[in-house]
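Report on the following structure.
The values are calculated or read from the model by the stated rules, or taken from the named source; none is laboratory data. Since the model is a prediction, treat every value here as computed from it, not as a measurement. Ideal geometry is used to build each Cβ from the backbone, glycine not excepted, and the neighbour counts take in all protein chains shown.
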Amino acid sequence: MATLKTNTLTGTSIAGSIAVTGEGNSTTTNLQQGLAKHWVNYDSSDQAIGGSFNQSSLTDNAAGDYTSSYTSNLSGAEDKCISTNVWNTSDDASNINAGSTRGGANADQAGDTAQSTSSINWMSYFGSSADANAGNADFDGNYCMTHGDLA
Amino acid sequence: MSTLRTNALEGMDAKNSITIVAGAGNITTTNVQEGLVKIWVDLDGTGTIAIDDSLNCASATDNNTGNYTVTYTNNMASATYSPTGGGSNRRVIIFESRATSNTNIYSQDHNDGTNEADADPACFHICGDLA
C-alpha cells in the first residue's frame with residue numbers, strides 16, 4: 001500500500017492525457033476522457049438544484065425546458081456525450097405522466113436548439129400515447145451528465 | 001500546491017486498482033478505475049452514420065433506421081456492464097444487446113414508441129470493467 005499526495009494531476013507528454021491501467025490489467029483507459037465534465041440534479045417542480053458539477057447556472061426556460069451553462073466550456077459544440085433522465089415522483093406512473101397507455105417519462109437534448117460549447121439545452125417530458133404527443137413537464141428529479149473534452 | 005506530472009497511473013499493490021480520497025469528509029475513498037466511464041460516444045445517426053466524438057469506440061454501423069451497432073477498441077470484461085443513453089428531439093435510446101466487444105442500440109421516437117427513428121446526437125455511456 002502506497003499513498004501519493006498531490007493536488008493536481010497533469011500528463012507529462014500531453015497535459016490533458018493520463019493513461020490508467022484497466023481492471024483486466026491488459027489495456028489502459030484515459031483518465032481525463034473517463035471523467036464526467038458536468039452533471040446536475042435539478043428539481044424543476046421546486047426549481048431547486050440538488051447538486052451539480054461544472055455548472056455556472058441553470059435557467060428554467062419553461063416547464064420541462066432547461067439550459068445548463070458550463071463553468072468551464074467543452075471544446076466542441078457537437079463533440080460531447082449527454083445522458084439524461086427523470087425521477088417521476090408525482091404519480092407513481094398512475095396518471096398522465098406515465099402509465100399503461102403511455103410511454104415512460106423521459107428527458108433528452110432539445111432538438112431545436114443549436115449545440116454549444118458553453119451550455120446544453122435539455123428537456124423533460126411525460127409519456128406519449130396514440131392521440132397525444134409527449135409534452136414538456138416538470139419533475140422532482142431531472143438529471144443531465146456530460147462527457148467530452150474540455151476546451 | 002503540488003502537481004504530479006505523469007503519463008500513466010498504475011496501482012502499487014494491484015496495477016488495476018487505485019483509490020482516491022473523494023468523500024466530503026476527506027475520509028472516504030473511491031476507486032479510480034471503477035469510477036471512470038470506459039466508453040462514451042456521440043453518434044450522428046442521420047444520413048451516413050458518423051462518430052462525432054467518442055472514447056474507446058472503433059466504429060459504428062448503421063444497421064437500419066434508428067438501429068446502430070458500436071464496436072469498441074478495448075473490450076469489456078463481461079457483457080454485464082452498465083449502459084446509459086441519451087437522445088435528442090424526443091428520441092429514446094434503447095439497448096438491444098450488449099456484448100464484450102460491441103452494443104446494439106435502437107433510437108426510438110418517443111412520440112411514436114413503436115418506430116425506430118434516426119437521431120443526432122444519439123449518445124451513450126458505459127461503466128464497467130475493461131477486459
Does residue A:64 satisfy the condition of being within 14 Å of chain B (Cβ to nearest Cβ), more than 19 Å from residue A:108 (Cα to Cα) and either aliphatic (A, V, I, L, M) or over 14 Å from the mean Cα position of the chain (by Cα) (or both)? no
Name the single residue that is farthest from residue A:36 (Cα to Cα) among those in the range B:121-131 being more than 8 Å from every other protein chain (Cβ to nearest Cβ) and aliphatic (A, V, I, L, M). B:122
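Residues are listed down the side, and each one gets a yes or a no for (1) surrounded by fewer than 15 Cβ atoms within 10 Å (Cβ to Cβ); (2) under 19 Å from the mean Cα position of the chain (by Cα); (3) within 10 Å of chain A (Cβ to nearest Cβ); (4) part of a loop (DSSP other than H, G, I, E, B):
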position	(1), (2), (3), (4)
B:14	yes, no, yes, yes
B:17	no, no, yes, yes
B:20	yes, no, yes, no
B:24	yes, no, no, yes
B:30	yes, no, no, no
B:43	no, yes, yes, no
B:48	yes, no, no, yes
B:53	no, yes, yes, no
Filter result (assigned to a strand (DSSP E or B) and not hydrophobic (A, V, I, L, M, F, W, C)) within the range B:86-101: B:86, B:88, B:91, B:96, B:97, B:98
Residues being within 24 Å of residue A:109 (Cα to Cα) and at pLDDT 90 or above: count how many of those fall in the range B:76-90. 7
When the range B:89-108 is examined, which residues are found to be surrounded by 21 or more Cβ atoms within 10 Å (Cβ to Cβ) and charged (D, E, K, R)? B:90, B:91
Can you find even one residue in the range B:65-73 that is over 12 Å from the mean Cα position of the chain (by Cα) and facing chain A (nearest Cβ under 7 Å)? no
Going through the range B:96-120 one residue at a time, which ones are among the hydroxyl-bearing types (Ser, Thr, Tyr), in contact (Cβ under 8 Å) with a residue 24 or more places away in the chain and either away from every other protein chain (no Cβ under 11 Å) or within 25 Å of residue A:122 (Cα to Cα) (or both)? B:101, B:103, B:106, B:107
